[in-house]
Every structure is written in structure tokens, then in C-alpha cells.
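Below is one structure, written out as C-alpha cells; the observations come after it.
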Amino acid sequence: MKVYLKDGNIATKNLNPGTSVYGEELIQEDVEYRIWNPRRSKLAAALLNGLKNLELDDASKVLYLGASTGTTVSHISDIVINGRIYAVEFSPTTAKKLVQLSRQRPNIAPILGDATKPKEYMNIVEKVDLVYCDVAQPTQTELFMKNMNLILKDDGMGMITIKARSIDVVQKPKKIFKQEEKKLIEKGFKIIDKVKLEPYEKDHIALVVEKNF
């Protein structure tokens, strides 16, 4: 994954030079870089906290669940310059901003859809190398697995950012994380990396998984 270190921050090479997506700092050197804010992106937080086993190259195909306005999507867009990101967002208002972003970045394909119902969009999405899930709701692990089973390539991988308080506000986050990991393992997935997201996000963990043949 082509991520760069700039003045203690991580950054991606700007696919659309001269344009900031969410107010991030642009750094001009031999080429232009965009500072990747870990307080606005859980993937940036995970990378800064030591996540190493996530594979993305310039031709990767990505299914992004919970794309919101496209902050993290835009940085993945910088990385998979010859690939494609199928960005699923449930809110019509938010999806409009994704559509605007896709006009500047043709490797983003916005999809107005419900991540709990992947069969409704699987006919317009090719098999992908990565399923990335940032959907904060009680069934986030279940919908993540459902999408991977339908749309992930056999040799692909998945990444989910789990927000403990979205699953249960009473149980301790550590117990919730173990519970969600167990669900993945029992359904045939292998956890190959995990990092907590503090201090950028409280009570969050990021898991990278692959199919366990």
C-alpha cells in the first residue's frame, strides 16, 4: 500500500492535484500529497497504530461499506489509481456528496444502498480484492461477513472497524471485541491483523481477515 510519511503524518499522493476533499492539508513536493487525518479516518488511525497486513495496490478493487461523504474513500482512491472503489452509502443526502466526489475521481463508483442487503447491488459490483466495513450498528459483523461471502474474491481480504458502543453500551469493549472475533472465526474467517484505534477513536478496534480454507 503506497502511503507516505510527511512530517510525522501519513499521506497519499493526490489523484486530483490542487483539490482538497475535506479540508486536509496539501503538501507540494515533486508531486502533491494529501495529509491523511487519523481523527477523520479510521483506516488512517489503524495504519498509524501499526496495521501492516492490509494489501492494496494500484489496481485493487474495493467494496466500501459505510462510505459516508468519502473522506477515507478519497484516500483509497489515491492508492488504487487504476482500480475501483464501490462505495455503498445508505443516506441519500450523504450519497449526493459521494456522487460529487466521483466526478472528480472516476475510480469511485457511488452506490445508494443498504449494506445489510448486498444481493440488491451485487449485480453491479464485480468481485473485489477488499471488503472494507465502517458501518456502526449492532449487526456490523454479520453484514460484513454477508458481503464478503457474496462479493469477495477467494484470495481477497476484509477489514472491519468495530465500534463497541454501537453493539452494546453496557458490556466492556474488550468482551465485545472478543465476541465479534469469535463470530468471524466460527464462520470460516481467519484474523490476520488487529489494532485498537485509541487515541484517535475510543472503544474501536480494526480487524483484517481473510477466508480460512
Q: For segment 146-169, enumerate the residues that are closer than 16 Å to Lys61 by Cα and surrounded by fewer than 16 Cβ atoms within 10 Å (Cβ to Cβ).
A: Asn149, Leu150, Lys153, Asp154, Asp155
Q: State which residue is modelled with the lowest pLDDT when the search covers only segment 1-53 and only residues that are among the hydroxyl-bearing types (Ser, Thr, Tyr) and within 25 Å of Pro199 (Cβ to Cβ).
A: Tyr4
(Q) I'm told Thr116 meets every condition in (1) of a type in the set (Ser, Thr, Tyr); (2) under 24 Å from Glu198 (Cβ atoms); (3) surrounded by fewer than 18 Cβ atoms within 10 Å (Cβ to Cβ) except one. Can you identify the failing condition by its number? (A) (2)
Q | Restricting segment 26-50 to residues that are over 30 Å from Leu112 (Cβ atoms) and of a type in the set (S, T, N, Q), the residue that is surrounded by the fewest Cβ atoms within 10 Å (Cβ to Cβ) | A | Gln28
**Q.** Number of the condition not met by Pro138 [criteria: (1) modelled with pLDDT under 95; (2) loosely packed, with under 15 Cβ neighbours inside 10 Å; (3) over 17 Å from Gly66 (Cα atoms)]
**A.** (3)
Q | Residue among Ala95, Ala67 that alone is within 22 Å of Met122 (Cα to Cα) and at pLDDT below 95 | A | Ala95
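Results for (1) among the hydroxyl-bearing types (Ser, Thr, Tyr); (2) within 18 Å of Val208 (Cα to Cα); (3) surrounded by fewer than 24 Cβ atoms within 10 Å (Cβ to Cβ), shown as yes or no for each residue.
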| residue | (1), (2), (3) |
| --- | --- |
| Thr19 | yes, no, yes |
| Lys52 | no, yes, yes |
| Val62 | no, yes, no |
| Ile111 | no, no, yes |
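So that you can scan it fast, the table gives a plain yes or no per residue for (1) under 16 Å from the mean Cα position of the chain (by Cα); (2) of a type in the set (Lys, Arg):
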{"residue": "Val128", "(1), (2)": "yes, no"}
{"residue": "Gln137", "(1), (2)": "yes, no"}
{"residue": "Leu152", "(1), (2)": "yes, no"}
{"residue": "Met157", "(1), (2)": "yes, no"}
{"residue": "Ile160", "(1), (2)": "yes, no"}
{"residue": "Asp168", "(1), (2)": "no, no"}
{"residue": "Lys172", "(1), (2)": "no, yes"}
{"residue": "Glu181", "(1), (2)": "no, no"}
{"residue": "Lys190", "(1), (2)": "no, yes"}
Q. Within segment 11-32, which residues are at negative phi, part of a loop (DSSP other than H, G, I, E, B) and under 22 Å from the mean Cα position of the chain (by Cα)?
A. Asn14, Leu15, Asn16, Thr19, Ser20, Val21, Tyr22, Glu24, Glu25
**Q.** Scan of segment 180-205 for residues that are assigned to a loop (DSSP other than H, G, I, E, B), farther than 23 Å from Leu150 by Cβ, among the charged types (D, E, K, R) and out of contact with any Pro (no Cβ under 8 Å at 6 or more places or on another chain), ordered by number
**A.** Glu198, Glu201, Lys202
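The values are calculated or read from the model by the stated rules, or taken from the named source; none is laboratory data. Treat the numbers as computed from the prediction; the structure is a model and nothing was measured. Reconstructed Cβ throughout: ideal geometry from the backbone, glycine too, with neighbour counts over all protein chains shown.
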